[in-house]
Amino acid sequence: GIMSVLQNDVEALQMLYASTLVDVITNLLTALVAVSILWYHDPILTLEGLPVPILFGIVLALFGRPLHRVGREVRDRVQGVQEVLQESAAGAREVKAFGRGASELGRYVPRVRELVRARVRQAVLGAANWSIADLVAWTGMTGVLVLASIKVVHGHMQPGTAVLLLSTLGMLFGPAGAVSN
């Protein structure tokens, strides 16, 4: 009974903390290695490129709180719909016997409308979140590509080094997104 539920909850929390710790360590090591590689090959391009994944993370973080709020609202609305359904199902005989089907439907439809509105807000916010974050990432990486290309054209950087630096900079988007979460 209760002990089983508590034990399962404790185990679930332990797994959550363990996986979160592993994710944090993995993302920190990835970021450290990537920044070290970038810095070793071109400190100036590193300083010009680092704002890109940082801005990407900031955009994701700015949308995080509203998305969390809308997600909670969606869960509440789902619960409201389920409550009406459970109450209607529990009193199905009475509803049928006393002809209260229309009033039950009248309780159900507004709850479903609220749920649909919350889901739409969630979808719009989620789409805006990733659209803006992707715009920041692509615009920033294009700018860094242009800067690296100029260095290659002027003989200040080998083409392979430019590819290495762009690929390595791209590795920072994962940790930036994880930090924002």
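Numbers for the structure displayed
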| item | result |
| --- | --- |
| Potential extension, residue 44-residue 158 segment - 0.36 nm per residue separation minus Cα distance | 39.5 nm |
| Separation in nanometres of the label points that stand 7 Å from Cα toward Cβ, at residue 25 and residue 138 | 3.8 |
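Taken together, the values in this text are just the output of simple stated rules run on the coordinates, not laboratory data. Keep in mind the model is a prediction, meaning the values are calculated, not measured. Cβ coordinates were reconstructed from backbone atoms using ideal geometry, including for glycine residues, and neighbour counts include every protein chain displayed.
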